[in-house]
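Since the structure comes first, as structure tokens, the remarks are kept for the end.
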2 protein chains.
Amino acid sequence: MEKFEINILGCGAALPTPRRLSSSQIVNIREKLFMLDCAEGTQMALRRSRLPFSHLQAIFLTHLHGDHTFGLIGMLSTFGLLGRIQDLHIYGPKDLQRIFQPQIDYFCADSPYHIILHEIDPTIPQTLYEDRSVCISTLPLSHRVPCCGYLFREKPTPRHIRRDMIDFYHIPISQINNIKAGMDWTTEDGTIIPNERLTTPSDPVRSYAYCTDTTYRPRLTELIHGITCLYHEATFAQEHALLAQKTFHSTAAQAAQIARDAQVQRLILGHFSSRYKSEAPLLAEAQQIFPDTLLAEDGMKITL
Amino acid sequence: MEKFEINILGCGAALPTPRRLSSSQIVNIREKLFMLDCAEGTQMALRRSRLPFSHLQAIFLTHLHGDHTFGLIGMLSTFGLLGRIQDLHIYGPKDLQRIFQPQIDYFCADSPYHIILHEIDPTIPQTLYEDRSVCISTLPLSHRVPCCGYLFREKPTPRHIRRDMIDFYHIPISQINNIKAGMDWTTEDGTIIPNERLTTPSDPVRSYAYCTDTTYRPRLTELIHGITCLYHEATFAQEHALLAQKTFHSTAAQAAQIARDAQVQRLILGHFSSRYKSEAPLLAEAQQIFPDTLLAEDGMKITL
């Protein structure tokens, strides 16, 4: 299968600690890299990850709180020093330009590449990026400021050719793409060979949703129904449920409810409050509701 | 002796690496903390250092390049989340307000403390801070943008009382401060006891200069003549002397020349280009000219 990997650079909440950075991830789809959020220290974490910087296509910011954005200007500046020339597109809610354009103009004036800021409306689901293999769209969330998650959905891949059958029926190379796309084959004597005999099924389509920061939002489930993997914020344990509500964050149990109700395959919890010495209780609370849950960790790589 | 410590949080040049951050230091004078520059990741390094955040009095920025300032907004924001209430003064060259005030207004709007930005003229030596124990002033430097170093000069401390002599001559407690200040004592029968018999000498006055980023600037020597410790940038080795000149940086040998000509006691080299796998050649080049040289390292503490 083609590569579809989540690289967690940071999964802490507002306060970075020596143990973990605030939010940042890289989604690696067939060696194209997409960044989700960019907390302070992201450029160092990115370097430690040994992911190839230059393959970064775009950056998607969920919202303009510091723990999701403070690493942006340093990383952009470093890319310039390292000689990046490819355009870089950055997506985020209202105020993205007002806040970051002056910094970019001042600190990246000599950069040899273009940085293009795109302000998006996070309240409606919309597609921001599309290529042959993936479609990236927004997922409205509910936080104290305009905020959206992001959904990565692989495009269906062609069925796999059975080389032996192609040879057997002497199917010309010009027809291979049609066969991959599902067409049957008619031999010279008029016999129809059904596509199922000529191919094996295509790889399953994978999908990933990144949902942080948000209060418990049941409406989210229909947008992410049946996806392969959900990263959902779990800032608080059950004992701080009221605080979660007040600050527009989620508990681990609420993240698990979303995963269960959306019938996703796997759940990753992240955005942990720095108040917890261990996140084991958060995991336990979530697994009671949705067993296939794991805790994010800085430096973790998840292969879908 | 009272505490006078340099804590090096970061001593790299423009590109932070997994091995070292860009520029940032804490000068700890009798548990009052003063920050010099604030590169990305400074708040994490500060936390690792276990220095008490809340004792930070002021931040002095040498110039407005990203590798000296990108950690500022994240750290200021974190101080707010941690409940700091004491005013924090930040000094730096022209554009400090234009660039940082909008970020502070946006990201620290709810902070419970005041952040006061002071734009300074880095071209003339001037005193910015003074209390009972220390005086902090600027040191004009020559870089591609307006830039100054900072000089910390301890104030002379009183002489030490000899308790045995005070008791012997029955000197009343009301006179102790005068004696410490150097006054002689006249006994009831008119005998003058010279101060030298009543006290031992005060501690030597210590001083520290932080000089980065700058091209070789011989004029600097008169301002830092005879100081206890000089931190001087040494971005390049001798083989890159032309590059140093072109980018307004110094070689290790030039830093050593400044130290020798200023007759300082110790030299610390820092702001190393990330191109060098080892800084041993820089140290060797400097020590040929000024033997009492050492290489800065992230996490290093130097006691004066």
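The values are calculated or read from the model by the stated rules, or taken from the named source; none is laboratory data. These numbers were taken from a predicted model, which means no experiment stands behind them. Here the Cβ positions follow ideal geometry from the backbone for every residue, glycine too, while neighbour counts run over all protein chains shown. Only protein heavy atoms, including side chains, enter the accessible area calculation; ligands, DNA and RNA are left aside. Shrake-Rupley method; radii C 1.70, N 1.55, O 1.52, S 1.80 Å.
Ligands, DNA and RNA are left out, and with a 1.4 angstrom probe the accessible area of region A:149-302 is 50 Å² per residue. Taking every DSSP bridge with both residues inside region B:76-210, close to 75 percent are antiparallel.
Mean residue ellipticity at 222 nm from the helices of the protein assembly as shown, using -39,500 (n - 2.57) per DSSP H segment of n ≥ 4 over the full residue count, to the nearest 500 deg cm²/dmol?
Working: 21 runs with 150 residues, N = 608.
After summing the helix terms and dividing by the residues of the protein assembly as shown, the value is -6000 deg cm²/dmol.
For chain B, the Kirkwood estimate of the hydrodynamic radius, built from every pair of different alpha carbons, is 20.7 Å.
Counting only alpha carbon atoms, the long axis of helix A:72-81 and the longest principal axis of chain A meet at about 60°. What a 1.4 Å probe finds exposed on region A:1-144 is 49% carbon and sulfur by accessible area, rounded to a whole percent.
Chains A and B: buried accessible surface, both sides, probe 1.4 Å, rounded to 100 Å²?
Values: alone 14410 and 14390 Å², together 26190 Å².
By this definition, chains A and B bury close to 2600 Å².
Over the protein assembly as shown, the pair-distance histogram of Cα-Cα distances with 10 Å bins from zero comes to 3, 15, 21, 19, 15, 11, 7, 4, 2, 1, 0, 0, 0, 0 percent, rounded to whole numbers. Comparing each chain alone with all protein chains together (probe 1.4 Å, DNA, RNA and ligands left out), the residues of region A:14-54 losing at least 50 Å² of accessible area are A:Leu15, A:Pro16, A:Pro18, A:Glu40, A:Met44, A:Arg47. In region B:93-124, the residues whose accessible area drops by at least 30 square angstrom when the other protein chains are added to the isolated chain are B:Ile99, B:Gln103, B:Tyr106, B:Phe107; the probe is 1.4 Å and only protein heavy atoms count. Solvent-accessible surface of region A:1-143, averaged per residue with a 1.4 angstrom probe and all protein chains in place: 36 square angstrom.
Please list the equivalent ellipsoid semi-axes of region B:11-71, computed as the square roots of five times the alpha-carbon gyration tensor eigenvalues, in descending order and whole angstrom.
Values: eigenvalues 77, 35, 13 Å².
Computed over region B:11-71, the values are 20, 13, 8 Å.
A Förster radius of 51 Å, combined with the Cβ-Cβ distance separating A:Lys277 from A:Ser174, puts the computed FRET efficiency at roughly 0.20. Shown for B:Glu130: label points 7 Å from Cα along the beta-carbon vector, and their distances to the equivalent points in the other copies, 6.9 nm in ascending order. Summarising the strand pairing of the protein assembly as shown, around 55 percent of its internal DSSP beta bridges are antiparallel. Compute the acute angle (0 to 90°) between the alpha-carbon long axis of helix B:96-107 and the principal axis of greatest extent of the alpha-carbon atoms of chain B; round to the nearest 10°. The angle comes out near 80 degrees. Taking the Cβ-Cβ separation of B:Gln238 and B:Ser142 as r and a Förster radius of 22 Å, what is the calculated FRET efficiency to the nearest 0.05? Plugging the Cβ-Cβ distance into 1/(1 + (r/R0)^6) gives 0.65. Less than 12 Å Cβ to Cβ from A:Gly74, Lys/Arg counted +1 and Asp/Glu -1: what total charge do the surrounding residues give? With Lys, Arg at +1 and Asp, Glu at -1, the net is -2.
Using a Förster distance of 41 Å, how high is the FRET efficiency between A:Asp87 and A:Lys3, based on the Cβ-Cβ distance and rounded to 0.05?
Working: r = 23 Å, r/R0 = 0.56.
It comes out at approximately 0.95.
The convex hull of the Cα atoms of region B:36-148, projected and averaged over all directions, covers 7.1 nm². Could you please state how large a percent of the accessible area of region A:179-304 is carbon and sulfur, counting protein chains only and using a 1.4 Å probe? Answer for region A:179-304 is 51 percent, counting heavy atoms of protein chains only.
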